[in-house]
Structures are given as C-alpha cells and as structure tokens.
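Bear in mind these aren't lab numbers, they're just calculated from the coordinates by the rules spelled out. Predicted model, so just to flag it, every value in this text is computed and none were measured. Neighbour counts are summed over all protein chains in view; Cβ atoms, including those assigned to glycine, are modelled from backbone coordinates with ideal geometry.
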Amino acid sequence: MKSIKKYILSLGVVAAALSLGSCTGDLDLMPSDPRDITATDFASDPEGYMDQVMGQVYMAFVNHGPNNNSQVAGFDGGMSTFGRALFNLEEIPTDEACWQTSGDAGLYSLQYGNISSDNDAIFGSYSRLMINVALCNDFIRTVNDNLFALSTDEQKEKAAEYVRQCKTLRSVCYFYLMSLFGNVPYADESVAIGTMAPQMKSSEIFPLVTETLEAVVAEYGQGGQNPAYGYVGVDAAEGFLVKLYLNAEVFTGTPAWDKCLSHAKNIIARHQGKGFKNSGLTMGYHQNFAANNIDYVVGGKGVPEILFLLPQKYPELMSYGNATVMILGFIAEDVDKAFFNVGNGWKCAKGRPQLVNRFQWNDQQQTTSPDKRTALWRTSADGYVNDMPSLQQSQWNKNGYLTPKYINRNVDDNNAVDLNTQPAFNGDKYVTTNYPILRLAEIYLSAAEAALHGAGSKDEALTYVNLIRERAGVAPWSLAELTLETLQDERSRELYLENTRRTDLIRYGKWVSGLNWAWKNNALEGQNFAPTAVLYPIPSPVLAISPYQQNPGY
C-alpha cells in the first residue's frame, strides 16, 4: 500500500502537461493515477488524508515541492516556485525590473529580451504552471471518484469547497499560461488519465476558464468571503475573472470591458466600510508587503486588501521565491540588512530608469519622492545612480536604483516601518513576509480601465484612481488629467513588481513597439521586439517529447 507521502511525490515531478500518467526520461509528464493508492489508505482517516492532499496542492504554489524538494527536474528549485516563475517572465524583461546576476543564465538573458525555446527559466516557469494544473485536476478526480472514502455530509461539503478552490487555482494557472505562452495543452478533470491533453489556442481556452470561474463564483453566492489563511475564496475566483475579462481582447479578439467592470464592482462592494476612506484599501501601502501582511488578507484581523496570497513564515513555510527573492534579491549585502530584517542581500535585481522616472520626485536629483510607494527605495541619496549603462552586477552602484517593495518588518497605518519588532528570518535564506498574488488595488485600477473603455463613466473611473493616488500621498487628479495613458502609468506605479507588467504592456499595444526602455531587445536605449514576441516559446524539452506545435517566430 502506498503512503500519502509517496502519492504526493509521484504527483510532484511533473515537468509538462502532456500525457496523463506517462514518463519519458527525466520528465514525468502528468500525474500518476491516484487510484494507485487503495481505498484502505484513505478509509482510516478520510478527512485527514483529504486535508493533507489539499495541503500539498497549496504547497506546490508556495515552495519548491514536497519537503522543499524541487518538482521541476533539472532546474533550480527556488527559481521554479510559483511566485518567482511569474516574476521571471512578467517583470524581468520589462521596464520595471532586471536581473543582473550573470550566473543565472536564463534570467540574465531574459532581462535583455533574449528569448529562446532552450531558456531554462522559461522551461521552469512553464513547468511550474503545468505541474500545478495537474495537481488540481488530480485532487478533483479523487473527490469525484470518492477515493477519499468520504461518508458524512460535513466531509462531502468540505470536499466540495476544496474542489471549488482547486478549480480557482487551476484557472489562475491558465490565466498565466495564456498570457505567457498562448497555445498550451488544456486539461481539466474530465481529461482521462493516459490521454494526451490537446494543445489549444487562448481563444479556445478562455471560455472554458471563465465558465469555470463564473460557476465557482455562483456556487459561493454570499459565502467564501473568509477563507483560511493561505487558501482562496470567492474574492480570488472573482478577482481572476476581472483579470481574464480585462485581457479578453488579447486572448480572444473580442473585448469584455462590461464583464470586467461588473465583477470588479462586486468585489469592491464586498470590501466597503474599512480602511482608507472606507474603500477596503489598507491605510499604509506597504502593509501589503510587510511581515504583518497576514493581518491584511481576506479573513485577517485588519483591512483585507489582499485577496489572494502565498503564505510564508519562517520556519514553518520557507521558500527561496516569493517574498524572499523580493527582499533579498533587491538589496546588497551592505545595504540596510538590519532595516529590512534579513541576514543577507543577493545583489541581483534593480528597477529600470523608466520605472523610477514614472514617479514624482522632490528634486532634480531624484533623492526623495512624496509618493509613499517609493518609501523603501535606495536612491542617489544613498549613492546609487538612476541610469543603466549596463546590466552587469559588477556595476551595481552605477546602474540603477534599488527598488525593493517588500520588507521583513511590520508596517503601521502611517506606512511607517516598526523597528522595534523583529519577525523571524533565517540567515541569508528565508523571511516571514507573505506574498500577495492579487490585491483590491488592482481591482480598482482594472475597474477604472474598463470604465474608460466605455463600460462605465469617467467620473467613477476617477473616483477609483484617486483612492489609489491619495493613499500613496500624491495629489488627486481632475477629470482632464485622467486618460488611458495616464492610467497606464498609475497602474505601473501602484502594481510595480506584482507580475502584471508584461501582460499590461501587451494589452496596451506597447510591448512590441510604442514604448522603449533601457536594454529592451539588447539596445541601450531600447528597440522594438519582433511581433511574435507577444508569446514566449513552448520550451524545447516539451516539444522534443510531444506532437505540440511551437509558437510563431521560434
């Protein structure tokens, strides 16, 4: 009889979603049949085993793999965590960030926009997303086939809730798979084990994913508003519907601004009454990115701006991705380790000048800004230069500001860092700050964009945007100052480093051309990408063992 641990490990080495249950070389392509575990295993403690399996589904979003072992064979486990996979592909190649460590070859080349199907960072990110799809599907099948041997109404209702969560998590993965790769294998729980998942276009996957989330939201009704810490509920499900409909024209050729605004307003309405001007936003911007951000997630004791987060707490939940990389990656060993409450700085990531210049500054030297969203940055006042003559780590003090957004300390309602408390951390490795995937602020900005595209009024768009600006400590706009162009810049100021930028630029029509940044497409001043760069390539290891077609241009 196989143990639950072995079951999870058999699920864990999935590198690409192709044939359910087959194995080729080092690539386990889809999960092994859950029926390999006998009903006797589950019957001894049905609910306990179900909780453990569901916990491991969530762990695939939080750390490298079971017991911190990498689930992506042949790729750095820390770099293949879910949050870091998104950061690698959504932020590093854009005008918001870069990765200056040449030893991380896949990431180092991505910052220039050098993209090939052999890039291991692309393969690792693709694999992480497909692994998590597979885990969600296997859990749903196991429930549907009653392999957990559930017998009571309470157990069955809990299973139904877990199935809703798995459908939400799977849909989250497919949002990013469509955004990044376009034409990917699509599998839900109806695809039988041993069956090759069909490669489908985004326009074909989009209705399947949105219908799934619409059904999940409808099932929740007035429930699901206070999920357990680290779990998803109705806000995450409906929040990703907002993201899907916001990008509907990219995915399908047909916009869905009305649906985007409708779902955004549902979420906004649920969160009224607390926080900044009763908007549901936290009082302090960096409360969302601090060690006490557990208080500001749905179900927390504070203002629940964070709709979906990846938990991280040393020593219980450790990861080289998520908030760890977002703090240690953006500082050097000699930069305020005590202030950030960490044991090291990796000296890897910087903000590009185009991000810095997007903010308001108090002086020509760009030493300080009235914008609270820059409160943790290190600028010319600290000896850094807002210029990028190279992307080499050896030029660290001469090629860009440090733009950290996260801190391993508590932050109060005034956006002030509490230096009197010291949340846990481990040497140069792990921190205690959770990692937000989706915030209410993004919903406000998406609602404003949909309204400006005709789904609502410019007045309501202005109301939404000015909540964001005033919380940041900058002056509210007039109607004349709000345009799609200025809204795009405000979205970057609010959501920088939150894994939206590449997708946003593609939606704006500014990814290939229309906007340049330092070292875009290997040019100091930036130059256009090829039109086919709107999609990443399907990784060559996947194509080597499948009949799938490569994306155009690779």
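Annotations for the structure displayed:
- FRET efficiency, SER390 to GLN365 (Cβ-Cβ, R0 22 Å, nearest 0.05): 0.55
- Compared with the dominant principal axis of the Cα atoms in the chain, helix 257-270 is inclined by about 90°.
- Relative packing of 298-307, 239-248, which averages over residues the other C-beta atoms within 10 Å, highest first: 239-248, 298-307
- Look at VAL217, VAL431 and count the other Cβ atoms within 10 Å of each Cβ; fewest to most, that gives VAL217, VAL431.
- Packing-based order for 487-500, 448-461, 282-295, using average beta carbon neighbours within 10 Å, highest first: 282-295, 487-500, 448-461
- The modelled label-to-label distance between ALA215 and TYR112, using points 7 Å beyond Cα along the C-beta direction, is 4.7 nm.
- For region 275-314 versus region 120-197, the inter-centroid distance based on Cα atoms is 27 Å.
- Tensor-based shape of the chain (alpha-carbon gyration tensor, a/c under 1.5 rounded, otherwise prolate or oblate): rounded
- Mean ellipticity per residue at 222 nm, deg cm²/dmol - from DSSP H runs of n ≥ 4 across the chain, formula -39500 (n - 2.57): -12000 deg cm²/dmol
- Placing +1 on each Lys and Arg Cβ and -1 on each Asp and Glu Cβ, with no other charges, gives the chain a dipole about its Cα centre of roughly 560 debye.
- Close amide H pairs (under 5 Å, H built 1.01 Å from N) link VAL184 with MET200, residues at least 5 positions away or on another chain.
- Gain on full stretching of the segment that runs from ASP413 to SER44 - 0.36 nm per residue minus C-alpha separation: 128.0 nm
- Least to most buried among THR379, THR403 (fewest other Cβ within 10 Å first): THR379, THR403
- Three-way shape call for region 145-275 based on the alpha-carbon gyration tensor, with the a/c threshold at 1.5: oblate
- Within region 314-433, the proportion of Cα pairs with more than 19 Å between them is 48 percent.
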